Amino acid sequence: MLLKKELDELMKFMKNEGKALGLSKQNTDSIFLETEAKLSFTFPSHTSQLELIRLISTKVAAYVPAFSEENLDDIGLAMDEACTNVISHSYLNDPKGMIKVEYTLGLDKIRIQIIDEGEKGQLFNPDDLSPVDKEAYLQNLSRGGLGVHLIKKIMDEVEYTVSPGVHNCLKMVKYAG
C-alpha cells in the first residue's frame, strides 16, 4: 500500500499534469484515486491489549490521506470503547476470548469491524439502549455506561450484528471531515 505522502504526491502530480494539459478546474477536481486496503489483526480479550489496539488503530487510520489528527484521536477513542465493551460485556473479562479487528482503508474513510465470539454479546442490542440523561449521569458521577453513545457520536456509521452461535460484529465507518 502506498503511504499517505506518496498518495498525496501522486494526486498532486495528476492534478498538475491535468491542468498543464489544459483540463478545466472542474475536470481536475474530478480526478480521484479509487483504492482500498484491508488489514486484519487478532488480539486476546484482555484490558492489557487496549492501549495496543488504540495505537494500532490510529496508526492504521493515519494511512487515510484525508484524516486529520482529530479524526485519528476519535477513531482511537471509539476503538478503546468498543473493545472495552467486548472484553467486559461479551467475554465477561475472560482473557481466553479473542477479538478480531478488520480495517478497510479508503482515501477518505475507514471501515472497522470488531468481531468476537463472546456468548454474552449475543444478548446485546445497542438499539435497545435509552438515551443518556446527562444531568442524572453527572449527578451520580457514574463510571461507565457511555461507551456505545460515545461510539455513535464519534463514528459516522455504526451497526451491530449477531450471528447466533457464530459471532458478534460491530461495524463502524468514519469519513474524513
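The values are calculated or read from the model by the stated rules, or taken from the named source; none is laboratory data. Quick caveat, the model's predicted, so the values are computed rather than measured. Cβ atoms come from the backbone with ideal geometry, glycine included; neighbour counts cover every protein chain shown.
For Ile112, the conditions (1) in a loop (DSSP other than H, G, I, E, B); (2) in contact (Cβ under 8 Å) with a residue 24 or more places away in the chain all hold with the exception of (1).
When the range 37-84 is filtered for residues that are touching a residue at least 60 places away in the same chain (Cβ under 8 Å) and among the basic types (Lys, Arg), only Lys38 remains. Among the residues in the range 14-34, are any exposed (fewer than 15 other Cβ atoms within 10 Å of the Cβ), over 15 Å from the mean Cα position of the chain (by Cα) and aromatic (Phe, Trp, Tyr)? Yes, there is a match, as at least one residue in the range 14-34 is exposed (fewer than 15 other Cβ atoms within 10 Å of the Cβ), over 15 Å from the mean Cα position of the chain (by Cα) and aromatic (Phe, Trp, Tyr).
Taken over the range 153-177, the criterion of being part of a helix (DSSP H, G or I) and without any contact (Cβ under 8 Å) to a residue 24 or more places away in the chain is satisfied by Lys153 alone.
In the range 2-9, is there at least one residue being at pLDDT 75 or above, in contact with a helix residue (DSSP H, G or I) (Cβ under 8 Å, 6 or more places away or on another chain) and surrounded by 13 or more Cβ atoms within 10 Å (Cβ to Cβ)? There is no residue in the range 2-9 that is at pLDDT 75 or above, in contact with a helix residue (DSSP H, G or I) (Cβ under 8 Å, 6 or more places away or on another chain) and surrounded by 13 or more Cβ atoms within 10 Å (Cβ to Cβ). Would you confirm, using the coordinates I've provided, whether Leu55 is touching a helix residue (DSSP H, G or I) at 6+ places or on another chain (Cβ under 8 Å) and surrounded by fewer than 16 Cβ atoms within 10 Å (Cβ to Cβ)? Yes: the conditions hold for Leu55.
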